[in-house]
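K.L.:
Can you read through this structure? Questions will come right after.
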Amino acid sequence: MLFSRFFAPTSKDTPADAQIASHRLMLRAGMISQTASGIYCWLPLAVRVLDKISRIICEEQDRIGAQRVYFTTIQPANLWIESGRYDSYGKEMLRLRDRKDGEFLYSPTNEEQATDVFRQYVQSYRGLPTMLYQIHWKFRDEIRPRFGVMRGREFLMKDGYSFDLNFEGAQRTYRDVFRSYVRTFQRMGLTPIPVQADSGAIGGNMSHEFQILAESGENTLYYDRKLLTASGDELSTIFAATDEKFDPQASPIPEKELMVSRGVEVGHIFYFGAKYSKSMNAFVLNDKGEKVFPEMGSYGVGVSRLVGAIIEASHDERGIIWPEPVAPFDVTLLNLHVKNERCCEMARKIYDAISSERDVLYDDRDITVGEKLADADLIGIPWQIIVGPKNLENGMVELKNRRTGEVVKTSPEAAIGRFA
Ligand code: 5CA
């Protein structure tokens, strides 16, 4: 991708109303454009990150046998009247009418619809267990949208819904998703902290939030230091709580090991038994021909929130530092002097050699060296290959690691070999 053709309107100005780093940096890097309170357009750089995050999520869902679908963003109110949530969901629900005056809503979540699809097609225990998920836009008319994409009104969520024949099956599925979420977040370069949670409006009797550490987080976390180094399965056995739930008197954490930090909730999983299958009369017949209401769970990841949360966890005063697995590009190639023929030739040669195998953003814009270096640090692509006239005289280019700041001079061939 040539930066001169790329729609990434970067800016030096610090946006006045952006209170946290990720919001400021996403605006300055030209990733998002606000269109109304809590509603953002996602520009090409940000879409690339959403796609990388979604890809990791899909791979990990696939591993536990979940299948991807698209439910709809517009749902008929009937489904929610059936489950009993149409009134109780309150003002966060955006309610709509079609031309025939039919009542609809913009999905804030899809438990009812998943249950409805299930009951239309599955009538026998042989169709269980099953788990469907989607990555789709949601709307919640949050009373206080804030912090950019962290608490938006329109946001992208991965939401999954599982159906099991009995409690044991549902517990197994819940544990599978739990482990899968740990892997999912770890693959994005994050350290997830699972905490037992209230299940709130989703309703039910078991629930975990997945938090990641960030100073700007809306939650206060109390957790055992061991969590920071625990492996997947251990994580579910080590104590962590948010402030509403933490009782210092009853805490099982030895005082020396107690950590207190701010956190952002990037995922939330729920087991709620037969709440929806019963209220919506979604039953199957078991092997004895008896009516059984499947045990359900729902499992959410804040996909668009993750973009902000990853930036909160990984940035410095100059800009974003993308973890490699979710970076919008693998490498950015900086041609410091686009009017210098040798620089252009060399940059072109490097670009052609690596762009077929890696995502490369080639900064071919005619701007100052200072602006170019500043934009590269702002956008935060993990590696920079810097082609400048002085180093070229000695047959060298520079390779910079955005995270460590380390710069090494190397031959162009070695730089190419590093990525191709
Ligand atoms: N149906 C369930 C799970 S599928 C559900 O809706 N869970 S949730 O309400 O906890 O949302 C799932 C995830 O979406 C949250 O963990 C959070 O990361 C993200 N999320 C929730 N509200 C917002 C919001 N207003 N802006 C951005 N992300 C949000």
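The values are calculated or read from the model by the stated rules, or taken from the named source; none is laboratory data. This one's a predicted model, so the numbers in the text were calculated from it and none came from an experiment. When we count neighbours, we look across all protein chains shown, and the Cβ atoms used for this are built from the backbone with ideal geometry, even at glycine.
K.L.:
If you take the residues in segment 233-280 that are in contact with a helix residue (DSSP H, G or I) (Cβ under 7 Å, 6 or more places away or on another chain) and of a type in the set (S, T, N, Q), which one is farthest from Val307 (Cα to Cα)?
P.N.:
Ser279
K.L.:
Does Ser207 satisfy the criteria of being surrounded by fewer than 21 Cβ atoms within 10 Å (Cβ to Cβ), modelled with pLDDT of 85 or more and either within 27 Å of Phe71 (Cα to Cα) or not aliphatic (A, V, I, L, M) (or both)?
P.N.:
Here the answer is no, as Ser207 does not meet what is asked.
K.L.:
OK, next. Which residues, taken from segment 384-409, are within 16 Å of Leu336 (Cβ to Cβ) and either assigned to a strand (DSSP E or B) or within 35 Å of the chain's Cα centre (by Cα) (or both)?
P.N.:
Gln384, Ile385, Ile386, Val387, Val397, Glu398, Leu399, Lys400, Val407, Lys409
K.L.:
Still on this structure, I have one more. Which of (1) assigned to a helix (DSSP H, G or I); (2) away from the ligand (no atom under 13 Å from the Cβ) does Thr115 not meet, given it meets every other one?
P.N.:
Here Thr115 meets the rest and fails (2).
K.L.:
Would you mind telling me which numbered condition in (1) assigned to a helix (DSSP H, G or I); (2) more than 13 Å from the ligand (Cβ to nearest atom); (3) more than 26 Å from Gly217 (Cα to Cα); (4) in contact with a strand residue (DSSP E or B) (Cβ under 6 Å, 6 or more places away or on another chain) Arg95 fails?
P.N.:
Every condition holds for Arg95 apart from (1).
K.L.:
Given the condition within 16 Å of the ligand (Cβ to nearest atom) and in contact with a helix residue (DSSP H, G or I) (Cβ under 7 Å, 6 or more places away or on another chain), answer yes or no: does some residue in segment 332-349 qualify?
P.N.:
Among the residues of segment 332-349, not one is within 16 Å of the ligand (Cβ to nearest atom) and in contact with a helix residue (DSSP H, G or I) (Cβ under 7 Å, 6 or more places away or on another chain), which makes the answer no.
K.L.:
So the check is Cβ under 6 Å with 6+ separation or different chains; which pairs have a first residue in segment 155-177 that's assigned to a helix (DSSP H, G or I) and a second one that's within 10 Å of the ligand (Cβ to nearest atom) and among the aromatic types (Phe, Trp, Tyr)?
P.N.:
Short answer, once both residue conditions are applied: Val177/Tyr299.
K.L.:
Another question, if that's okay. Restricting attention to segment 370-420, report how many residues are free of Cβ contacts under 8 Å to residues at least 60 places away in the same chain, under 15 Å from Ile354 (Cα atoms) and surrounded by fewer than 18 Cβ atoms within 10 Å (Cβ to Cβ).
P.N.:
Total meeting the criteria: 5.
K.L.:
From the list Arg153, Arg126, which residue is assigned by TED's automatic domain parsing to the domain that holds Ile238, at negative phi and crowded, with 17+ Cβ neighbours inside 10 Å?
P.N.:
The match here is Arg153.
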